[in-house]
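Asks: Got a structure for you, written out below as structure tokens; questions coming shortly.
The values are calculated or read from the model by the stated rules, or taken from the named source; none is laboratory data. Remember, it's a predicted structure, so these values are computed and weren't measured experimentally. Here the Cβ is made from the backbone with ideal geometry for all residues, glycine too, and neighbour counts use every protein chain on show.
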Amino acid sequence: MFQAPNLARWQTRQWAIAIALMLLVTLTPLAWIQWQQFKLLDNVADNQVDSLMWQAYQLERELGALDQKLNKAVAAPADVDPYVLTERYEVFLSRIDLLTKIPRRDLVEGSEAYTEATASIDAFVAMADPAFADPVALLRNPEQLDRIDDAAEALRAPLGELTREANRAVARFVDERNAQLHQQSTLVISLAAVQTAVMLIFVVVLVRHLRRQQQQYAKLKKLSGELADAKDQAEAANYGKSVFLANMSHEIRTPFQGLLGMLNLLDEPGLSSQQRDYLQTARDSALHLLGVLNDILDVSTMESGTLKLSVAPINLRGVVQEVDGLMQVAASDKGLELNVYAASDLPEWVTADATRVRQIMFNLINNAIKFTPEGSVMAELARSPDGQSGVVLTVRDTGVGMDKETVDRLFTRFYQADNSLRRRIGGTGLGLEISRNLARMMGGDIKVSSQPGVGSVFTVTLNLPEVQAPAETAVPEGDAKAGRRLRVLVAEDHPINLKYMSILLEKMGHDAVFCENGQEALQLLERQPFDVVLLDYHMPVLDGLATTEAIRELNTPAADIKIILVTADVVNDTRKRALEVGVNEFASKPLQAEDLQRALERCGLKDEAGSHSVSGSPGLRASSPFPLSAYEMPVRLPEPPAPAAPPSGERVIDTESYSEIVSMMPQDTMDEMLATLFEPPEGTVHVLLKALEGSDRADIGYNAHKLKGTAMLLGFLSIVKTSAHIEHIATQTGEDLPADISAQLLRDVEVTQQALRDFEASQPT
């Protein structure tokens, strides 16, 4: 039994298909009929049916005109122009072709009149053509004229019959066409009636469907009200659950504090090894359970909407120092190398909740350590790029990594990326969710990229407004010169860097002696006493590491001198080598007074050089290297792409760094520094361009490094990126340098100089 479809359940696609089918069924026959009519009319127009009769009449008419000329020529040959007679004959011949080659000659081609007429015409033409070839001779031959004239007279009858036959054929064709049009019109009327009936049926079905929809809408509206009530009840229950969990977590955590306190009191020196093992197991279990409770408390507080951030001015470098110190133990226990960096451009003071910022860093670094069986973990806190407000925390590891499916579900509550591994190392699966919620509360977010077997990169953006240092932590003016003056030996091969470091050390209150390479530094150490040596990493003759190695092998007291390596290129392997050969501390390029002061303090020169704190910022751990530059990626992660022209809106120069340099130097000295950088042929830029024309990769890398260091010092960001890219390709890879790299460098120089002009024009005079 046929059952009508339930239209109420039809989707948009089903309705579209139904309407399309109805239109196809009703309109296709109409389209076919219209096409037939169009073909019929087009056939009449193209095949010239109506002209068939007219061409037959024209042929008969031209024959009469020719016959009249022939009669006149027979009667008075002298009065007839032979060429006019020939022209009349040729006109008659042209009408023959028009009739016999017309498209619809098939209407008369099979008739007796057409056959007889064409035979008579062919005979007449065969006789007349030779005679009309010489019309003058024809007029002089009366007998030949008489024969042609008689033949033309005999041709009149068959041509007249052909004209009448053409008329009858056209009439028959018109009757047939009219009959077809009448038949098609009748069919169109019938189809229109069928279409009307179908449309009426469709309208009836549609009206019934609309009535059913109205009834269903009323039901859905009632159900929606019931669901809203149920939702309110569920939210109330969820809120109650969150409040209950929060209260219970607080209640349970309170006795845990007492429990941990008692366990600490039990830790007496006289305990046996077995008792101490039992005590440590109890303490570890209590701490683990307390961490679980803290996670549950944070999630519950977030769900209940009662979590608030306690914002206040905080020193970011101090936060980095605290996290680094606490996490080094966990990394050391697993045999991992942990490097926590504070970028040189990191804002000193921001408004934030210090506890929550530390919590985010703890969670991400702790996760990285847990899931990294060997290798290293690297964390960097830096200023947001492109002039945006806030900071970016990047945590990289060389751990097990994750596939795309795991990354997509990583922030799902209680999701276990690897259940077996989670069971071995512990964890609630809440840390990442808590960290992301905290980041979003601070106006940022967390993004993850990872490859199985390679490692993971967590990038956290935090919108933390930058503020001035609190008044009580401000550094008194002139404090940088506190304490006795140090004798500093500086090995630096670039004249701009030499000039800058000379002014910097003078402002800090120290005496400096300069040389251009490590060999000269060794000679000076043998002749003069110094308190500390500042070595550039990349130098001719002897680089920073080779010079350090040679200093430590001296048989004089200078072998024990403090050495600070100044560079922007120290990553894991290089830093390790530097420490092995005897480098005491590191300072990043561009060298700042705060960084140098902290390095001097960590070298044990604090009491001698002044016990102040630069900018109110505590120093980082002695083992902390300086931060990675934007173009220097950690081991096992992809290399950066080649630099391109800076997009619209991207900073070309760091105006803060440049302004600081300008404020330190007289105008003539500043002009001399810029000329040393830009002026041909000895300017650093042009020396590198000349090196790029050759094939000496070592020379290219060395000059690119010099340009990079100077550009970093002056804050020329675009030139830093391009020169760093050139140095990386020339020294770290076997790839060919891009063909357009020189043009790229020139473009960077041009936009940098324009940016300098714009900056100087914007400064008050």
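Asks: Say whether the condition of being among the small types (Gly, Ala, Ser), touching a residue at least 24 places away in the same chain (Cβ under 8 Å) and farther than 19 Å from Pro540 by Cα is met by at least one residue in segment 743-757.
Replies: Yes - at least one qualifying residue is present in segment 743-757.
Asks: Another question, then. From the list Ile121, Ile102, Ile96, which one is surrounded by 15 or more Cβ atoms within 10 Å (Cβ to Cβ) and modelled with pLDDT of 85 or more?
Replies: The conditions single out Ile121.
Asks: Which condition number in (1) touching an Asp or Glu at 6+ places or on another chain (Cβ under 6 Å); (2) of a type outside the set (A, V, I, L, M, F, W, C); (3) over 21 Å from Glu580 (Cα atoms) is the one that Lys507 fails?
Replies: So the condition that Lys507 fails would be (1).
Asks: Is there a residue in segment 715-734 that is at pLDDT below 85 and either farther than 30 Å from Gln592 by Cβ or assigned by TED's automatic domain parsing to the domain that holds Gly544 (or both)?
Replies: There is at least one residue in segment 715-734 that is at pLDDT below 85 and either farther than 30 Å from Gln592 by Cβ or assigned by TED's automatic domain parsing to the domain that holds Gly544 (or both).
Asks: Quick one: would you say Asp42 is in a helix (DSSP H, G or I), over 30 Å from Gln215 (Cα atoms), at pLDDT 70 or above and more than 54 Å from the chain's Cα centre (by Cα)?
Replies: For Asp42, the condition - in a helix (DSSP H, G or I), over 30 Å from Gln215 (Cα atoms), at pLDDT 70 or above and more than 54 Å from the chain's Cα centre (by Cα) - is not met.
Asks: When only residues in segment 265-296 that are surrounded by 11 or more Cβ atoms within 10 Å (Cβ to Cβ) and assigned to a loop (DSSP other than H, G, I, E, B) count, which is modelled with the lowest pLDDT?
Replies: Asp267
Asks: Another question about this same structure. If we scan segment 309-331, do we find a residue that is in contact with a helix residue (DSSP H, G or I) (Cβ under 9 Å, 6 or more places away or on another chain), loosely packed, with under 11 Cβ neighbours inside 10 Å and at pLDDT 70 or above?
Replies: yes
Asks: Check whether at least one residue in segment 175-188 is touching a helix residue (DSSP H, G or I) at 6+ places or on another chain (Cβ under 9 Å), more than 30 Å from Met22 (Cα to Cα) and free of Cβ contacts under 8 Å to residues at least 12 places away in the same chain, and report yes or no.
Replies: no
Asks: Among the residues of segment 656-692, count how many are in contact (Cβ under 8 Å) with a residue 12 or more places away in the chain and under 23 Å from Leu737 (Cα atoms).
Replies: Final tally of qualifying residues: 9.
Asks: Based on what the data block shows, is Ala193 without any contact (Cβ under 8 Å) to a residue 40 or more places away in the chain and surrounded by 11 or more Cβ atoms within 10 Å (Cβ to Cβ)?
Replies: Details: without any contact (Cβ under 8 Å) to a residue 40 or more places away in the chain: yes; surrounded by 11 or more Cβ atoms within 10 Å (Cβ to Cβ): no.
Taking the combined requirement at face value, the residue does not satisfy it.
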